[in-house]
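First comes the structure, then the notes that go with it.
The values are calculated or read from the model by the stated rules, or taken from the named source; none is laboratory data. All values derive from a computational prediction rather than experimental measurement. Neighbour counts run over all protein chains shown; Cβ positions are idealised from the backbone, glycine included. The protein model used for the area step is the full one, side chains on, heavy atoms only, and it has no ligands, DNA or RNA in it. Shrake-Rupley method; radii C 1.70, N 1.55, O 1.52, S 1.80 Å.
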Amino acid sequence: MNGDPLFASSAIWRFLIKIGPKTVLALALVPSIPSLPPSSMAAVASQKQGEHTKENMRSHIGLPALEISAAFPQATPATLFPSMASDYYQFDDLLSSEESSLRKNVRKVMEKEIAPIMAEYWEKAEFPFHVIPKLAALNVAGGTIQGYGCPGLSITASALAIAEIARVDASCSTFVLVHSSLAMLTIGLCGSEAQKQKYLPSLARFSTVACWALTEPDYGSDASSLSTTATKVNGGWLLEGQKRWIGNSTFADVLVIFARNTSTNQINGFIVRKGSPGLSATKIENKIALRIVQNGDILLKKVFVPDEDRLPGVNSFQDTSKVLAVSRVMVAWQPIGISMGVFDMCHRYLKERKQFGAPLAAFQINQLKLSRMLGNIQAMLLVGWRLCKLYESGKMTSGQASLGKAWTSKTARETVSLGRELLGGNGILADFLVAKAFCDLEPILSYEGTYEINSLVTGREITGIASFKPAVLGKVSRL
């Protein structure tokens, strides 16, 4: 039937009607068309139609995106950050006047200086170096360290600062936490007096930036098995190995590196300076979370470290525990801050955005979700506060710190997921904070001990039985 001339003719007419008069006119200008068979004529027509479509597309490609306020005028984006609505149980009543004042100051600076640029830099996966002086002016770097230009804050005040930074941008809070609560604190707790005098003052001013390198490609949760080596040589040490996921490493001036002493087989700590021969740090690409943080791979190829830059207080992996005890409390406050920011954003959005003739805040199911989020935040605040008080009184255990970090990160995951639901389509745009926070929370669930590892640390403490490694298999049962 397909060979019938009448069928072929009618098929061509149907095709010409389908492609429209403009394309038919273009075909008429091709002199060889009358001699073409029906299949070739259809191919030429299809080609012309494709070229016409491409030309139309070119007129639209490259146009700048609409400003979010013009594209979606019904709700305010996070560049103008919402006011605090998540402190429902008046948490400030539990704080000293100094802690409350610091909290408000950090909030003010973050909302004014960081909120307007965070989505742009998150999208580009670049660090906004021009805001470092603004962060330095907060006077929180060094946290609880006394002297050497450090603020000597209570751990509660230091934790509140991290939470307020995370409320606006989780990446900035990670940048500060790595610099202050890991690298600076390691030097403060494990360094010599000369090392403290040499490094801490400039780090406290953010004149220099630090990173902290423990994790390796082969050893994450099992960090105590790290394989980077430190070999004693005349006048110092040679470091050989690789580190991964190290925040701030691509631009850090001071790198705190942990390596295994080849003589004792114990873990030692070293201060490595930027530009040391054999040292390289490259950015890890394609992250979907904490995109502003510059995580890197560090390669150490016979990097020489002078004796004066070996940390005398790190002689085994256990010596890192006094640093991790503090940093784990700080990390427990990051999910609290993230959850507060998400709630504040959702609270404003639901009152601005209207559907079916009413604000989204007027719908019962949305109020239910807001209430669940708010309840989670109040509980997290109180757990975080109690953890700080236990530390300040000298009573906090590693199991308590681990439980706090594990529980707040998991509870925040539920809280931010509810926020993602409440914003609908805008819940996948960084412009309205929630999508960015949703992604940024994921690595926090994993770093400083995964949820599972931290739970096992608590489990070991309450049962007296360690269960980190699989039980050694015994004889195969005949059953």
Item to complete: Beyond 44 Å, what share of the Cα-Cα pairs of the chain is found? Please give it as a whole percent.
Response: 30 percent
Fill in: Where the range 268-401 is the region considered: accessible area per residue in Å², 1.4 Å probe
42 Å²
Practice prompt. Check each of the GluC sites (Glu not before Pro) in the range 191-286 and keep only those in coil by DSSP with at most 15 other C-beta atoms within 10 angstrom; list them in order.
Written response: Glu285
Practice prompt. With a/c under 1.5 counting as rounded, go ahead and sort the range 257-384 into rounded, prolate or oblate using the C-alpha gyration tensor (a ≥ b ≥ c being the square roots of the eigenvalues; past the cut-off, prolate if a/b is larger than b/c, else oblate).
Written response: prolate
Item to complete: Please say if the range 214-263 is rounded, prolate or oblate, where rounded means a/c under 1.5 for a ≥ b ≥ c the square roots of the C-alpha gyration tensor eigenvalues, and otherwise the choice is prolate for a/b larger than b/c and oblate otherwise?
Response: oblate
Worksheet entry | Listed peptides 403-412, 162-171, 446-455, 313-322 by packing density, highest first (mean Cβ within 10 Å) | 162-171, 403-412, 446-455, 313-322
Worksheet item: Tell me, what is the percent relative contact order of the chain, built from C-alpha pairs under 8 Å that lie six or more residues apart?
Response: 15 percent
Response to the item:
Membrane-span-like helices (DSSP H runs, Cα span along own axis at least 15 Å, mean Kyte-Doolittle at least -1.0) in the chain -> 5-19, 155-168, 193-204, 321-352, 364-392, 398-422, 434-446, 451-463
Worksheet item: For the range 90-199, what relative contact order do you get, as a whole percent, if you take Cα pairs closer than 8 Å and at least 6 residues apart?
Response: 25 percent
Practice prompt. Could you do me a favour and compute the accessible area per residue for the range 106-180, 1.4 Å probe, result in Å²?
Written response: 31 Å²
Practice prompt. Calculate what fraction, in whole %, of the accessible area of the chain sits on carbon and sulfur atoms when a 1.4 Å probe is rolled over the protein chains.
Written response: 58 percent
Discussion item. Apply the Karplus curve 6.51 cos²θ - 1.76 cosθ + 1.60, θ = phi - 60°, to the phi angles in the range 113-120 and return the couplings in whole Hz, x for Gly and Pro.
Written reply: 9, 9, 3, x, 10, 5, 5, 4
Worksheet entry | Over 22 Å (Cα to Cα) - which of Lys243/Lys274; Lys274/Lys302; Lys243/Lys395; Lys198/Lys274; Lys196/Lys405 fall in this group | Lys243/Lys395; Lys196/Lys405
Worksheet, complete the sentence: The equivalent-ellipsoid semi-axes of the range 377-479, taken as the square roots of five times the Cα gyration tensor eigenvalues and listed largest first in whole Å, are 33, 22, 10
Response to the item:
By the Cα gyration tensor axes a ≥ b ≥ c (a/c under 1.5 gives rounded; else a/b larger than b/c gives prolate, otherwise oblate), the shape of the range 138-240 is oblate
Discussion item. Give the lysines reachable from Lys124 as a straight Cα distance under 21 Å; neighbours fewer than 8 places away on the same chain don't count.
Written reply: Lys112, Lys134, Lys283, Lys287, Lys436
Discussion item. Going by average Cβ density within 10 Å per residue, which order do the peptides 143-156, 117-130 take, highest to lowest?
Written reply: 143-156, 117-130
